[in-house]
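Undergrad: Once you've had a glance at the structure underneath, I'll fire off some questions.
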Amino acid sequence: MVHLENEGGQPCELSLALPPSPYSRKTTVDYTDQLLMAKLSLLLLVLSILCSTSLCCPDDQKLALLRFKSSLYTLNSSTQYSLFGLDSWNASSDCCHWDMVTCSSQSNSRKVVALQLYSLLVAEQPIPIPSMVLSPLSRIKSLMLLDISSNFIAGEIPASVFANLSKLVHLDMMQNNFSGSIPPQIFRLRYLQYLDMSSNLLEGVITKEVGSLLNLRVLKLDDNSLGGSLPEDLEIMELRDNSLSMEIPKDIGDLTNLTTLALSDNRLTGGITSSIQKLHKLEILRLENNYLSGGIPTSLLDIKSLKDLFLGGNNLTWNNIVNLEPKCMLDQLSLSSCRLAGRIPDWILTQKDIVFLDLSKNKLQGPFPEWLAEMDIGSIILSDNNLTGSLPPVSFGLKVCQSLLYRGIASLESCQVTLEMPLRSCVTVPTAP
């Protein structure tokens, strides 16, 4: 009795009945051996048929992956290189067992559903890969996850490839050299939840078509040259280092699922709308290095979930007179060039988890507070202020030296602070990464 599964996944039995033997005992033994071999051959045949139809990856998908691998071996490059993770890709094995390949375990047909093809080329210097090497992947229409990040793929994004990959849920194309605009076919991937195209050479505008991605939750387009408007209904929006020329929408507070809003190093103008305080899930707010102006809403510190707040490098003003009781617990804070006047704000004392503090390029005065020296802060940048007095002679001193002297960001002279320890103890501190 041979136990198998049918196409519906239900158990079935394969029964082979034997006729009575008219032969002698010796002849019967020989006949039984032959019959056992026949059974085994039949079993292997049945398993082979089942594997070819349901238990192995489809032949057309296997062939597509082999063609993709072959195209990587024929790159026109004078630089020596090797391929990482593709040794297991060969015609004699099931592609579901290959490295970087994942097949469905629930379907009757074990189709390829995920490809983790990041950092494939190993070379002394980056080797550009033409974007058309992706063409064979268009045949794998069952793909739900595709990661081709960190491969230095150059050229326009092949629209025809993604037109066929309609089941994609996760698409990671970061750290390549894709150029041109984002093809509209990307915005027709209706199941897409995660899209990362950061650190490429993309240009053009972010069109309203991105709004058609109703399931999209994470959008990372930072470090490109994109303009346009902000998409809606996301959890993570990273559009740093682009060419966004606009004001922060006044209704941005309606994006109540946002946990990350990173718009630094763009050309944003206007003020910071107070509606941001409605983002009750917000953890990271990065608006530094834009052209924002006006007062900074102190209500930002009422967002309990907020961890990182970067507002420096604008024309903003922080009201240092108001008594504050922040409801958040910050890890990182940058208020560089935010027109802080007077003493270092004492509400910072309440931020017990803070590891990075940048209050440089302001108008801070007075002595360096002892309570700040007693806090366990990894990096403090206070350059270009009017602080006076001495640094407290505590173990904190070495950290201060490091932050004041680190790569010339600050200097003792610009702070007008003297040290109650030898200067050589500062310069021997290892530089920060």
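Undergrad: In the list 147, 172, which residue meets the criterion of being of a type in the set (D, E, K, R), buried (at least 17 other Cβ atoms within 10 Å of the Cβ) and either free of Cβ contacts under 8 Å to residues at least 40 places away in the same chain or out of contact with any Leu (no Cβ under 8 Å at 6 or more places or on another chain) (or both)?
TA: Details: 172 fails: either free of Cβ contacts under 8 Å to residues at least 40 places away in the same chain or out of contact with any Leu (no Cβ under 8 Å at 6 or more places or on another chain) (or both).
Of the residues listed, the single one that is of a type in the set (D, E, K, R), buried (at least 17 other Cβ atoms within 10 Å of the Cβ) and either free of Cβ contacts under 8 Å to residues at least 40 places away in the same chain or out of contact with any Leu (no Cβ under 8 Å at 6 or more places or on another chain) (or both) is 147.
Undergrad: Out of 199, 245, 166, 160, I need the residue that is in contact (Cβ under 8 Å) with a residue 24 or more places away in the chain, in a helix (DSSP H, G or I) and either of a type in the set (D, E, K, R) or more than 20 Å from residue 281 (Cβ to Cβ) (or both). Which one? First the steps, then the outcome.
TA: Values: 199 fails: in a helix (DSSP H, G or I); 245 fails: in a helix (DSSP H, G or I); 166 fails: in a helix (DSSP H, G or I).
Residue meeting the stated conditions: 160.
Undergrad: A follow-up question, please. Considering 186, 206, which residue is at pLDDT below 95 and either in contact with a strand residue (DSSP E or B) (Cβ under 8 Å, 6 or more places away or on another chain) or β-branched (Val, Ile, Thr) (or both)? If you could, list the steps in order and put the result at the bottom.
TA: Details: 186 fails: at pLDDT below 95.
Of the residues listed, the single one that is at pLDDT below 95 and either in contact with a strand residue (DSSP E or B) (Cβ under 8 Å, 6 or more places away or on another chain) or β-branched (Val, Ile, Thr) (or both) is 206.
Undergrad: Would you mind finding the one in 236, 296 that is β-branched (Val, Ile, Thr) and surrounded by 20 or more Cβ atoms within 10 Å (Cβ to Cβ)?
TA: Among 236, 296, only 296 is β-branched (Val, Ile, Thr) and surrounded by 20 or more Cβ atoms within 10 Å (Cβ to Cβ).
Undergrad: Another question, then. Given (1) surrounded by fewer than 19 Cβ atoms within 10 Å (Cβ to Cβ); (2) closer than 17 Å to residue 263 by Cβ; (3) modelled with pLDDT of 95 or more, identify the lone condition not met by residue 309.
TA: Evaluating residue 309 over (1) surrounded by fewer than 19 Cβ atoms within 10 Å (Cβ to Cβ); (2) closer than 17 Å to residue 263 by Cβ; (3) modelled with pLDDT of 95 or more leaves (1) as the failure.
Undergrad: Tell me yes or no: at least one residue of the stretch 319-328 is surrounded by fewer than 21 Cβ atoms within 10 Å (Cβ to Cβ), in a strand (DSSP E or B) and in contact (Cβ under 8 Å) with a residue 24 or more places away in the chain.
TA: No, every residue in the stretch 319-328 fails to be surrounded by fewer than 21 Cβ atoms within 10 Å (Cβ to Cβ), in a strand (DSSP E or B) and in contact (Cβ under 8 Å) with a residue 24 or more places away in the chain.
Undergrad: So, in the stretch 94-144, how many residues would count as being among the hydrophobic types (A, V, I, L, M, F, W, C), assigned to a loop (DSSP other than H, G, I, E, B) and under 18 Å from residue 177 (Cα atoms)? Spell out how you get there, then give the answer.
TA: Step one: filter the stretch 94-144 for residues among the hydrophobic types (A, V, I, L, M, F, W, C), giving 95-96, 98, 100-101, 103, 112-115, 117, 120-123, 127, 129, 132-134, 137, 140, 143-144.
Among the residues that remain, those that are also assigned to a loop (DSSP other than H, G, I, E, B) are: 98, 100, 117, 120, 127, 140, 143-144.
Checking the rest, the ones that are also under 18 Å from residue 177 (Cα atoms) come to 117, 120, 127.
Residues flagged as among the hydrophobic types (A, V, I, L, M, F, W, C), assigned to a loop (DSSP other than H, G, I, E, B) and under 18 Å from residue 177 (Cα atoms) within the stretch 94-144 amount to 3.
Undergrad: Something else now. Being closer than 30 Å to residue 341 by Cβ, touching a residue at least 24 places away in the same chain (Cβ under 8 Å), part of a loop (DSSP other than H, G, I, E, B) and of a type in the set (S, T, N, Q) is the requirement here; does residue 264 meet it?
TA: Values: closer than 30 Å to residue 341 by Cβ: yes; touching a residue at least 24 places away in the same chain (Cβ under 8 Å): yes; part of a loop (DSSP other than H, G, I, E, B): yes; of a type in the set (S, T, N, Q): yes.
Yes.
The values are calculated or read from the model by the stated rules, or taken from the named source; none is laboratory data. Bear in mind that the values here come from a model prediction, so they are computed numbers and not experimental data. Methodologically, a virtual Cβ is constructed for each residue, glycine included, from the backbone with ideal geometry; neighbour enumeration extends over all protein chains shown.
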